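Each remark here refers to the structure printed beneath this line.
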Amino acid sequence: MIRLIIVDDHPIVRDGLRGILGTDDFEVVGEAADGPEALAVALRTAPDVVLLDLRMPGMSGAEVIRRLREQQPGVHVLVLTTFDDDADVLPAIEEGATGYLLKDTPRDELRRAVHAASRGETVLSPTVAGILTRKAREAREPEPRTLSPRELEVLRLIARGATNREVAGKLFITEATVKTHLLHVYGKLAVNDRAAAVAAAYDLGLLDRQR
């Protein structure tokens with residue numbers, strides 16, 4: 001028997017979920033209409049799973065998850081909401097939600113998800129899984145290395161064989177400024193000298209794009 005509470009600010013939604021989950025496998029031990037009430041009900045009933053909507057009055061969903069996890073580390077939070085954008089998904093997962101489903105989830109799938117969540121297994125709707133996969137891929141990819149227009153002007157002249165003095169004369173800047181631009185270029189391209197900077201810029205297509 002899995003003990004759970006249903007947290008949603010719409011009574012009709014809570015009634016529907018109670019009907020879906022009121023079977024021999026589950027015991028709905030409490031309901032709540034907002035975050036503070038959810039915390040109080042969870043503390044009183046010690047559920048295995050909290051079925052949680054995200055956007056409710058009184059407290060953000062991510063804050064509810066964080067505080068639930070703090071007050072009852074063993075509880076599993078399964079988000080059930082209509083919102084699937086980054087601003088909702090990522091904070092909920094980061095605060096420790098065990099799963100994240102949308103409200104169009106079929107009832108049999110919802111029951112299976114509650115079972116899985118009670119075991120601590122991650123359950124994600126396809127949309128949410130796609131968001132997390134994209135974020136993980138972006139985290140692995142290095143940030144694009146871009147140069148300012150002035151840095152590109154300096155590097156383009158260096159690539160043509162100009163000295164610092166010649167670059168300064170052509171751009172009407174001081175040699176010290178040229179050196180400063182080059183130091184910035186070296187840092188951005190992770191190189192140590194002029195030749196390596198030019199080679200890296202060609203490899204990255206930075207010079208080609210600015211011709």
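What translational D, rounded to a whole number of µm²/s, comes out for the chain from Stokes-Einstein when the hydrodynamic radius is the Kirkwood one over Cα pairs, at 25 °C and 0.890 mPa s? Mind dumping the intermediate values first?
Values: Rh = 20.8 Å.
Answer, rounded: 118 µm²/s.
Carbon and sulfur together cover what percent of the accessible area of the chain at a 1.4 Å probe radius? Write out the running numbers ahead of the final one.
Details: 5710 of 11180 Å².
Within the chain, the accessible surface is 51 percent carbon and sulfur.
Mind checking the per residue accessible area of segment 53-194 for me, 1.4 Å probe, whole number of Å²?
Details: 7870 Å² over 142 residues.
Value returned for segment 53-194: 55 Å² of accessible area per residue.
Among 181-192, 9-20, 43-54, what's the highest-first ranking by average C-beta atoms within 10 angstrom per residue? Mind showing how you got there, number by number?
Numbers: 181-192: 16.0, 9-20: 14.2, 43-54: 20.8.
Most protected by this proxy first, the peptides run 43-54, 181-192, 9-20.
So if I take the alpha carbon set of segment 64-124, get Rg, then get Rh from the Kirkwood formula, what is the Rg over Rh ratio? Could you put the intermediate results ahead of the total?
On the way: Rg = 11.2 Å, Rh = 11.7 Å.
Rg/Rh for segment 64-124 comes to 0.96.
Provide the net charge surrounding Glu31, with neighbours chosen by a C-beta distance below 14 Å and charges set as Lys +1, Arg +1, Asp -1, Glu -1.
Numbers: positive: Arg3, Arg14, Arg18, Arg44; negative: Asp8, Asp9, Asp15, Glu27, Asp34, Glu37, Asp53.
My count for the surroundings of Glu31 gives -3.
Please enumerate, by chain and number, the lysines with C-alpha under 22 Å from the C-alpha of Lys170, excluding those fewer than 8 residues away in the same chain.
Excluding near neighbours in sequence, the set is Lys179.
The values are calculated or read from the model by the stated rules, or taken from the named source; none is laboratory data. Note that this is a predicted model, so its numbers are computed, not measured. For neighbour counting, all protein chains shown are included, and Cβ atoms are generated from backbone atoms with ideal geometry for every residue, glycine included. Just so you know, the surface numbers come from the protein's heavy atoms only, side chains and all, with ligands and any DNA or RNA stripped out. Shrake-Rupley method; radii C 1.70, N 1.55, O 1.52, S 1.80 Å.
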